[in-house]
Structure formats: structure tokens, C-alpha cells
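Every read-out reported here was derived from the displayed coordinates using simple, explicitly stated rules and does not represent laboratory data. Computed from a prediction, not measured in an experiment: that's the story for all the values here. Glycine gets a Cβ as well: all are built from the backbone with ideal geometry, and neighbour counts include every protein chain shown.
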């Protein structure tokens, strides 16, 4: 059976047929704790273009947040760029409202916000100012994790140095409890980790695009690097924008285009997700999420309804067998076209 992951420091008790009792996990080098190996991403909370957000969904989103917390979720990921046009930062606003509404009874949350590496943010102070602006939208004095949304190492290395210095100052100014990274490959992650170690700044996470249709982090050794550095790898887009849910309902817009690109060449994979799900009484999406957990990642899922959130929670409390993981690995390699990789991912 799949044993507890050293990457996440997850403590589990094995039961028959892969069932486990989740004992929780510590996020990277911090004292932040997640009771279950699942988090929530909020990209869709404010995004009209890709996810069709409108303000009438806000109460449903807040109910979704409650369903997540009631189910054991403590890690919520967001970003200062989340939200279309004038709604930029809307996800932070909504997360802040959720927290204020229930914070008296909901301790132990870990909010992480990613600071966009915009071209005009060229100094360390500009990233400190960016976090202060995020805290204003949250209406918080500090956040648990201040994150870099991407690395500028591929195109403007000097900006990367300002970014890391800015995050370190955010920690030293007590604006955050720890720092995190996103789209940092193994080499840039190692350099960043060394920088923060010298400053005494704890690193919680490195967020990377990782799913059965986007396995690059495993192939490049990034997951191994995270384990060696004591940093939790967070898998974003673990369902490839929904393509791995193996649903017959194709979404409109850009996501529908992705489905048309990848699904025709991935019938073996989607069929296997259905077969494993049927044998385990799980949905294909729950199987795909559990695969990322078995790889040592903390997947973050997007949801805007309590029902969908509760379905996502069904990915926890059990583990795929080694044979099932291996079969899914083989089917993933056989997929003819993979999901488009994030252009900011570094080596």
C-alpha cells in the first residue's frame, strides 16, 4: 500500500482496501497545519473570462468556504491578480469576508496569497507594498503565507532578486508567518530556499501545475527537491481545469478548447479513472486527486458550490494501491497530448 508521504509529513493509519485515517500534515518548514491533504484554490472567485464569475455567486461561494472548513480544509490559496478587470483582488476580498464571518470558531486557517510579478514591481519595497494592499483587501494585519506567483528568472533575473528580498522583508515586518513560491523548478527552488534559509525565513510551499495530464514536476525531479528541502509541493490544476473529471458535459469557452485538445488522445486514461472509481465507489475526479496525494502533493481544488466541495473532499481518507498508481502512470504517459504548461515555470 501507499505509505505516508515524507514530502508532506502526513501521518496516516492504513486500513483495508487503502482506507486511512488522516492525521494531518505540516506545511513545509512552518508550524502551519492542515488536517487533510487537500486545499482550496480561488482562481474562479472573481474570474469572469475563464470561470464565468458574477457577484450573485458570492453567498454560494461563502457557503462553499464553510463546507470546505467543516470538511477539514485549512489551506486556501489566492492571489492579488485573481479577478477580471475591475474585480482584480476579488478573491482576497471574499476570503477575508469568509474569515471575519466565522473566525471566532475557525482557528488554524492558513491563507496563502500570491503576489504577481508584474513588470512594474522592480524593488523589494514594491512587493512589500503589494502584500500590504492584499492585507487591506483581506482586512487582516497579517497572512499566513506570502507567495511569489511566478519567478522572473527566465526573463529578468534582477527582478527575481527583488522579489525574494521583498518576501523576506514581508516576513521580517511580521506581515506574514512564512513565505511560499509558485512555478519554481528544482534549480530556482533550491536557490530561493538557500536565500531564505540564510535569512531565517521559513518556506511553506512551492505551487506547481501537476496532474495526470501535466506530470512535468515529477519528471524534472521537482517533487524530490521539495522533499529534500522540506517544502510542501502544492498541485494546482490537479484536474487539468476539469478535463480529468471525465464528465460528459464540456464547458464553453477556453476550457472547452482544452478539452477538445487533450481528451481525444487520453481515452485510456479517462477510462481507467472511471474503472478505478467504479471499483472504489469514487468519482473519476476523486481518483485523479488521490493520485496527486499519493505522489506526495497537496492538491488545491476550485469549487463554487458546497455540493462540489463535498465531492472533492471524497478524495481524502483513502489511498490508491501501488498497482493503481502505476497503472495511472502508464495511462498518463500514453496520453497523446498533455495540458499546456505554464510559461513561467522555471528549471
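Note on residue 268 and residue 224: the model spin-label points, each 7 Å out from Cα along the C-beta direction, lie 2.5 nm apart. In the chain, the longest principal axis of the Cα atoms and the axis of helix 90-102 are about 90 degrees apart. Where does helix 124-138 land angle-wise versus the long Cα axis of the chain, in degrees 0 to 90, nearest 10? With both axes taken from Cα atoms, the answer is about 70 degrees. Taking label positions 7 Å along the Cα-Cβ direction at both residue 216 and residue 323, the computed distance is 3.4 nm, reported to one decimal.
Here the label points at residue 173 and residue 142, each 7 Å from Cα along the C-beta direction, are separated by 1.4 nm in the simple model. With 0.36 nm allotted per residue and the present C-alpha distance subtracted, the residue 191-residue 158 stretch has 10.5 nm of extension available. A protection proxy built from the mean count of other Cβ atoms within 10 Å ranks the segments 262-271, 21-30, most packed first, as 21-30, 262-271.
Extension gain, residue 275 to residue 118: 0.36 nm times the residue separation minus the Cα-Cα distance gives 52.1 nm. In nm, what is the difference between 0.36 nm times the number of residues separating residue 63 and residue 341 and their Cα-Cα distance? Answer, rounded to one decimal: 96.9 nm.
Based on Cα contacts under 8 Å between residues 6+ apart, the chain shows a relative contact order of 22 percent.
I'd like the distance between the alpha-carbon centres of region 241-312 and region 100-150, rounded to an integer number of Å. That distance is 30 Å.
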